[in-house]
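Engineer: Supplied in structure tokens, the structure appears directly below.
The values are calculated or read from the model by the stated rules, or taken from the named source; none is laboratory data. Just so we're clear, the structure is a prediction, and the values are computed from it rather than from any experiment. Methodologically, a virtual Cβ is constructed for each residue, glycine included, from the backbone with ideal geometry; neighbour enumeration extends over all protein chains shown. In case anyone asks, the SASA skips ligands and DNA or RNA and just uses the protein heavy atoms, side chains included. Shrake-Rupley method; radii C 1.70, N 1.55, O 1.52, S 1.80 Å.
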Amino acid sequence: MVSSLIGAVELGLIYAIMALGVYITFRILDFPDLTVDGSFATGGAIAAVMISHGYSPWLVSLLAFAGGLAAGACTGLLHTKGKINGLLSGILMMIALYSINMRILDKPNVSVYGEDTVFTSISPLVLMPFVVIAIKLLLDLFLHTDLGLSLRATGDNARMIRSFGANTDNTTILGISISNGLVALSGALIAQQSGFADITMGVGMIVIGLASVIIGEAIFGAGSVFRATFAVLLGSIVYRIVVALALRVEWMEASDLKLITAVIVIIALVFPSVQRSIKQKSAARRRSAELATLASKKSIGGDY
Amino acid sequence: MLDLRNVSKLFNPGTFDEKVALMDVQLSMKPGDFITVIGSNGAGKSTLMNIISGVMKPDTGEVRIDHRDIQQLPEFKRSQWIGRVFQDPMAGTAPHMTIEENLAMAYARGKRRGLSIGVTSRKRSMFREQLNRLGIGLEDRLRAKVGLLSGGERQALSLLMATFTRPQILLLDEHTAALDPARAELITKLTQDIVQEMKLTTLMVTHNMEQAIRLGNRLIMMDKGRIILDVNEERKKNLTVEQLLGEFEQISGRKLADDRMVLGL
């Protein structure tokens, strides 16, 4: 039990980097980016292949990040310059990346078992908190720079920030790039932690990222950027703990996980709007009852 | 300062829905000019604004700012010279960002947006000073999200953001139309003060005839994509709403109709 919880925290920390990437597109740019499913595996593939060829795992992780940046830039270009619908440009890149990832890996999976990884000398549980917090703080800082502000405004009110001279095409491409860079970095670290990269390792990653973002915001709030990124990190860890607990239920199979994740996201997306409409209805009912009593009193009184 | 030469714009050309938005429009503004624009529905007022700001490209004709040909420049590049306040109070600000962050983005107009921190303490005190001039207490709410402000407050903030970097041209697109009369009057007063103080070259579309006569040093009336009346400063001083309505009927042969038209206060 305890060991599975520790494992969950470990995975949650590594996947938190991916969740931060999803936060950038989904929440800041308001752009549901499906590239993630491809770029996560791209990161893993770059890491596994280069590490098995003896390159430094730190350098390799950095290159995986760069690979993700490039993938994200392509999606951004398709969407802004090619004027392709956001979802579709993500799907197109996801499919394209499948072939590219296969070229990188050269076979469906590559093992780095026994090779030197970033986790060889330091356990993930010790290393990852520092890495994750550092990335979170750097991201927070970036989102408060002039460039970061215009990136946030692009998702919030693109017309407004254009009228102040920011090129929203560029900020969109930048945001999607950084997002996929983080996703690929996360993929590279997962490959090193699990000891292999697999062509299918990115499948469903976008939904896991969304689940982390939504769970985190629901539990820990999202008032400021600082708070929201923190919530995303914790959301990723909570998600992994939920998964670990779900796997302990006897009649559940590991392959049911994706279904559970989808259900979590659906509940999290539907619940707030249902809650709002119920609240509005009951408020309206109360108010009309109030007005009705007021009107009936007046007519009974009749002292005009 | 601003020159429009033979600008025409068609919507849906060659189709059943073809509509002339602007037809051979000539307009020349001198530095410091404050022109008010009135006209009926579909007269081309908004299209004129969109063509100047670069949201739309004209089919023919050219647009120059300060003798520069800006025809090929997209909206975000023209923004370095053009400040704009929209009709919709939601349009000019980013609702999920704070007042100071919005101001910082406006302050970066015409500058390269790099990796320096957006809101510094030096900028913050400058923002506070600027907000103070609005006189509606926003200076004490720098860290409030703009989405929490009322329509009037947001429009006042939009006006400040559009002007405090002294753009060469200020475009006001019915920016008081969505507000209640008291708020509209406040924003009108602020507009007058800011334009006068900073000597901004301003083009203001309004549906309020009385306001169009009271503000500015020149008035143009549009109809069916053309400028049909151009009133200079001298004539404008003695102009009345009745005269204006009469002029319109005489020129266009029908009554001025705009579902939002306000004749006076």
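Engineer: Considering only residues that are small (G, A, S) and on the phi < 0 side of the Ramachandran plot, look in segment A:39-54 and name the one that is surrounded by the most Cβ atoms within 10 Å (Cβ to Cβ).
Structural biologist: First pass over segment A:39-54, keeping only residues small (G, A, S): A:39, A:41, A:43-45, A:47-48, A:52, A:54.
So of that shortlist, the ones also on the phi < 0 side of the Ramachandran plot come out as A:39, A:41, A:43-45, A:47-48, A:52.
Numbers: A:S39: 40, A:A41: 31, A:G43: 37, A:G44: 32, A:A45: 31, A:A47: 31, A:A48: 30, A:S52: 16.
Among those residues, the one meeting the criterion is A:S39.
Engineer: Continuing with this model, one more query. In segment B:27-41, what residues are of a type in the set (G, A, S) and either in contact with a helix residue (DSSP H, G or I) (Cβ under 8 Å, 6 or more places away or on another chain) or open to solvent by less than 10 Å² (accessible area, probe 1.4 Å) (or both)? Let's see the steps before the verdict.
Structural biologist: First, pick out the residues of segment B:27-41 that are of a type in the set (G, A, S): B:28, B:32, B:39-40.
The answer is B:G39, B:S40.
Engineer: Can you go through A:K136, A:K81, A:K107 and tell me which one is more than 14 Å from chain B (Cβ to nearest Cβ) and open to solvent by 40 Å² or more (accessible area, probe 1.4 Å)? Talk me through it step by step, then tell me what you get.
Structural biologist: Details: A:K136 fails: open to solvent by 40 Å² or more (accessible area, probe 1.4 Å); A:K81 fails: more than 14 Å from chain B (Cβ to nearest Cβ).
Among A:K136, A:K81, A:K107, only A:K107 is more than 14 Å from chain B (Cβ to nearest Cβ) and open to solvent by 40 Å² or more (accessible area, probe 1.4 Å).
Engineer: Separate question: Determine whether B:L219 is assigned to a strand (DSSP E or B) and farther than 30 Å from B:A108 by Cβ. Spell out how you get there, then give the answer.
Structural biologist: On the way: assigned to a strand (DSSP E or B): yes; farther than 30 Å from B:A108 by Cβ: yes.
So B:L219 passes the test.
Engineer: Out of curiosity, is A:L127 assigned to a helix (DSSP H, G or I), touching a helix residue (DSSP H, G or I) at 6+ places or on another chain (Cβ under 8 Å) and either surrounded by 14 or more Cβ atoms within 10 Å (Cβ to Cβ) or not small (G, A, S) (or both)? I'd like the intermediate steps shown before the answer.
Structural biologist: Values: assigned to a helix (DSSP H, G or I): yes; touching a helix residue (DSSP H, G or I) at 6+ places or on another chain (Cβ under 8 Å): no; either surrounded by 14 or more Cβ atoms within 10 Å (Cβ to Cβ) or not small (G, A, S) (or both): yes.
No, not satisfied.
Engineer: How many residues are within 30 Å of A:S194 (Cβ to Cβ) and within 17 Å of the chain's Cα centre (by Cα) if we restrict to segment A:139-161?
Structural biologist: Number of matching residues: 2.
Engineer: For segment B:69-85, how many residues meet the condition of being over 17 Å from B:R109 (Cα atoms) and either within 13 Å of the chain's Cα centre (by Cα) or at the interface with another protein chain (Cβ under 8 Å from one of its Cβ atoms) (or both)?
Structural biologist: 0
Engineer: Specify the residue that is surrounded by the most Cβ atoms within 10 Å (Cβ to Cβ); the eligible residues are those in segment B:92-103 that are at the interface with chain A (Cβ under 7 Å from one of its Cβ atoms) and without any contact (Cβ under 8 Å) to a residue 60 or more places away in the chain.
Structural biologist: Quick first cut of segment B:92-103, residues at the interface with chain A (Cβ under 7 Å from one of its Cβ atoms) only: B:92-97, B:101.
From the residues that got through so far, the ones that are without any contact (Cβ under 8 Å) to a residue 60 or more places away in the chain too are B:94-97, B:101.
Working: B:A94: 24, B:P95: 15, B:H96: 16, B:M97: 24, B:E101: 26.
So the residue we want is B:E101.
Engineer: Of the residues that make up segment A:44-61, is at least one under 18 Å from the mean Cα position of the chain (by Cα), within 30 Å of A:S224 (Cβ to Cβ) and part of a helix (DSSP H, G or I)?
Structural biologist: Within segment A:44-61, none of the residues are under 18 Å from the mean Cα position of the chain (by Cα), within 30 Å of A:S224 (Cβ to Cβ) and part of a helix (DSSP H, G or I).
Engineer: Which condition number in (1) of a type outside the set (S, T, N, Q); (2) in a helix (DSSP H, G or I); (3) within 20 Å of the chain's Cα centre (by Cα) is the one that A:G202 fails?
Structural biologist: Of everything listed in (1) of a type outside the set (S, T, N, Q); (2) in a helix (DSSP H, G or I); (3) within 20 Å of the chain's Cα centre (by Cα), A:G202 misses just condition (2).
Engineer: Sticking with this structure for a sec: Within the set of pairs 6 or more residues apart or between chains, which connect a residue that is assigned by TED's automatic domain parsing to the domain that holds A:A191 and at pLDDT below 95 inside segment A:38-52 to a residue that is assigned to a helix (DSSP H, G or I) and open to solvent by less than 10 Å² (accessible area, probe 1.4 Å) with Cβ atoms less than 6 Å apart?
Structural biologist: none
Engineer: Can you name the residue in segment B:109-125 that is in a helix (DSSP H, G or I) and in contact (Cβ under 8 Å) with a residue 12 or more places away in the chain and, of all such residues, is farthest from the other protein chains (Cβ to nearest Cβ)? Give the derivation first.
Structural biologist: From segment B:109-125, those in a helix (DSSP H, G or I) are B:121-125; that's our starting set.
Next, only the ones that are in contact (Cβ under 8 Å) with a residue 12 or more places away in the chain stay: B:123-124.
Details: B:K123: 11, B:R124: 13 Å.
Selected residue: B:R124.
Engineer: In addition: Which of the residues spanning segment A:149-160 are assigned to a helix (DSSP H, G or I), within 7 Å of chain B (Cβ to nearest Cβ) and not hydrophobic (A, V, I, L, M, F, W, C)? Step through it out loud before you land on a result.
Structural biologist: To start, the set of residues in segment A:149-160 that are assigned to a helix (DSSP H, G or I) comprises A:149-156, A:158-160.
Adding the requirement that they be within 7 Å of chain B (Cβ to nearest Cβ) leaves A:149-150, A:152-153, A:156, A:159-160.
The answer is A:S150, A:R152, A:D156, A:R159.
Engineer: While we're looking at this one, here's another question. Any idea which residue in segment A:161-173 is nearest to the other protein chains (Cβ to nearest Cβ), counting only those that are assigned to a helix (DSSP H, G or I) and open to solvent by 30 Å² or more (accessible area, probe 1.4 Å)? Lay out the reasoning, then the answer.
Structural biologist: Taking segment A:161-173 first, the residues assigned to a helix (DSSP H, G or I) are A:161-163, A:168-173.
Okay, now just the ones that are also open to solvent by 30 Å² or more (accessible area, probe 1.4 Å), so A:162, A:169-170.
Values: A:R162: 5, A:D169: 9, A:N170: 9 Å.
This residue is A:R162.
Engineer: Quickly run through segment B:42-52 and pick out the residues that are open to solvent by less than 10 Å² (accessible area, probe 1.4 Å) and within 14 Å of chain A (Cβ to nearest Cβ).
Structural biologist: B:M49, B:I52
Engineer: Looking at this structure, is A:S179 in contact with a Leu (Cβ under 9 Å, 6 or more places away or on another chain), crowded, with 24+ Cβ neighbours inside 10 Å and either at negative phi or more than 9 Å from chain B (Cβ to nearest Cβ) (or both)?
Structural biologist: On the way: in contact with a Leu (Cβ under 9 Å, 6 or more places away or on another chain): yes; crowded, with 24+ Cβ neighbours inside 10 Å: yes; either at negative phi or more than 9 Å from chain B (Cβ to nearest Cβ) (or both): yes.
For A:S179, the condition - in contact with a Leu (Cβ under 9 Å, 6 or more places away or on another chain), crowded, with 24+ Cβ neighbours inside 10 Å and either at negative phi or more than 9 Å from chain B (Cβ to nearest Cβ) (or both) - is met.
Engineer: Which residues, counting only those in segment B:232-265, are at pLDDT 85 or above, open to solvent by less than 90 Å² (accessible area, probe 1.4 Å) and closer than 23 Å to B:E185 by Cβ?
Structural biologist: If the condition is that a residue be at pLDDT 85 or above, open to solvent by less than 90 Å² (accessible area, probe 1.4 Å) and closer than 23 Å to B:E185 by Cβ, then B:K236, B:L239, B:T240, B:V241, B:L244, B:L245 are the ones that fit.
Engineer: What single numbered condition from (1) surrounded by fewer than 14 Cβ atoms within 10 Å (Cβ to Cβ); (2) at the interface with chain A (Cβ under 9 Å from one of its Cβ atoms) fails to hold for B:A106?
Structural biologist: Condition not satisfied by B:A106: (1).
For (1) open to solvent by less than 10 Å² (accessible area, probe 1.4 Å); (2) touching a residue at least 24 places away in the same chain (Cβ under 8 Å); (3) closer than 19 Å to B:S28 by Cβ, each residue gets a yes or a no:
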site	(1), (2), (3)
B:L159	yes, yes, no
B:L170	yes, yes, yes
B:D173	no, yes, no
B:L179	no, yes, no
B:K189	no, no, no
B:M222	yes, yes, yes
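Engineer: Right, here's the next one. Take A:L151 and tell me if it is at pLDDT 95 or above and open to solvent by 10 Å² or more (accessible area, probe 1.4 Å). First the steps, then the outcome.
Structural biologist: Working: at pLDDT 95 or above: yes; open to solvent by 10 Å² or more (accessible area, probe 1.4 Å): no.
Here the answer is no, as A:L151 does not meet what is asked.
Engineer: Another question, then. Can you name the condition, by its number, that A:T145 falls short on among (1) on the phi < 0 side of the Ramachandran plot; (2) within 9 Å of another protein chain (Cβ to nearest Cβ); (3) open to solvent by 10 Å² or more (accessible area, probe 1.4 Å)?
Structural biologist: The number of the failed condition is (3).
Engineer: I would also like to ask the following. Would you point out which residue out of A:V243, A:V203, A:V207 is in contact with a helix residue (DSSP H, G or I) (Cβ under 9 Å, 6 or more places away or on another chain) and open to solvent by less than 20 Å² (accessible area, probe 1.4 Å)? Write out each step before concluding.
Structural biologist: Details: A:V203 fails: open to solvent by less than 20 Å² (accessible area, probe 1.4 Å); A:V207 fails: open to solvent by less than 20 Å² (accessible area, probe 1.4 Å).
Answer to the check: A:V243.
Engineer: Every residue in segment B:129-157 that is under 19 Å from A:D146 (Cα atoms) and open to solvent by 30 Å² or more (accessible area, probe 1.4 Å), please.
Structural biologist: B:R143, B:K145
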